[in-house]
1. Would you point out the residue of the stretch 144-160, among those that are within 18 Å of the chain's Cα centre (by Cα) and not small (Gly, Ala, Ser), that is most open to solvent (accessible area, probe 1.4 Å)?
2. Which residues, counting only those in the stretch 142-178, are modelled with pLDDT of 90 or more and of a type in the set (Ser, Thr, Tyr)?
3. Can you pull out every residue in the stretch 110-121 that is surrounded by fewer than 16 Cβ atoms within 10 Å (Cβ to Cβ), under 18 Å from the mean Cα position of the chain (by Cα) and either β-branched (Val, Ile, Thr) or farther than 30 Å from ARG170 by Cα (or both)?
4. Taking the stretch 90-141 as the search range and keeping residues that are touching a Ser or Thr at 6+ places or on another chain (Cβ under 6 Å) and modelled with pLDDT under 95, which one is farthest from ALA71 (Cα to Cα)?
5. Please work out which residue is nearest to ARG170 (Cα to Cα), limiting yourself to the stretch 39-58 and to residues that are without any contact (Cβ under 8 Å) to a residue 40 or more places away in the chain and part of a strand (DSSP E or B).
6. Please find, among ASP124, ASP129, the residue that is acidic (Asp, Glu) and open to solvent by 80 Å² or more (accessible area, probe 1.4 Å).
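The values are calculated or read from the model by the stated rules, or taken from the named source; none is laboratory data. Treat the numbers as computed from the prediction; the structure is a model and nothing was measured. Every residue, glycine as well, gets a Cβ built from its backbone with ideal geometry; the counts of neighbours run over all protein chains shown. We work out accessible area using only protein heavy atoms, side chains counted, and drop any ligands, DNA or RNA first. Shrake-Rupley method; radii C 1.70, N 1.55, O 1.52, S 1.80 Å.
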Amino acid sequence: TFTGHIVNLGAVLAPGATPAAQSAAAAQVERWRAQVGTRRFDVDLDARASVVGVRFLDDVGAVPAADKRSAVDDVVQRLLASIVPVPSEPVGLGATWHVRTNLRQGTAVVTQDADYTLTARTADAWTIDVKLRRVGEPQRVVDPALPPGSIAELIALVRETAGTITVDPRNVMPVAGELSLTMMVRADRGAQRAGA
């Protein structure tokens, strides 16, 4: 079990981002801060460092179940971008491995395909090249930000992350490194349901 919290979350957009994109990013960050903020949580990991559960240490019964589920989903999807599940068998330099995970990112169900390559190893540090690709197929999503009676259709979601990180083998979180992220989302938001 790992105990931690996520701090200093912000949105960094490409230069020239439209006002609509800036507004959407700011709304997403504020929603995350309202649900998760700097709350402390326990993360349960299996022997390979795969995330198997998240529990907030300050959970209170008054929080609606849907909000609890959304907050857990938010933490899990962020951890899956930085925690490296290791192979079940010992590997040497140059080894590569692939991990596929189904998860919820925001209101969408997505698949993450992750490729890892061990490029350096000492007793205190493993250096790993990371390539992650998340894809959300077309789907109807429930978006609480929309007016009641509205639906949203996700047309496409692609999120790619790449870079190199250094992991302390006694720890689950990276201790150094740099990852770059690009994301494309196409959605039809706000259509009214028939009879609504």
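1. Our first condition is that a residue be within 18 Å of the chain's Cα centre (by Cα); within the stretch 144-160, this holds for 154, 156-160.
When the remaining residues are screened for being not small (Gly, Ala, Ser), the result is 154, 157-160.
On the way: LEU154: 14, LEU157: 10, VAL158: 36, ARG159: 36, GLU160: 78 Å².
Checking each candidate, the answer is GLU160.
2. Correct list: THR161, THR164, THR166.
3. Residue satisfying the conditions is THR111 alone.
4. To start, the set of residues in the stretch 90-141 that are touching a Ser or Thr at 6+ places or on another chain (Cβ under 6 Å) comprises 96, 102, 112, 117, 119-120, 125, 127, 129, 132, 135, 141.
Add one more test, that the residue is modelled with pLDDT under 95, and what stays is 102, 125, 141.
Values: ASN102: 17, ALA125: 31, VAL141: 17 Å.
Ranking the candidates gives ALA125 first.
5. Taking the candidates together, the pick is VAL51.
6. Working: ASP129 fails: open to solvent by 80 Å² or more (accessible area, probe 1.4 Å).
Of ASP124, ASP129, the one residue that is acidic (Asp, Glu) and open to solvent by 80 Å² or more (accessible area, probe 1.4 Å) is ASP124.
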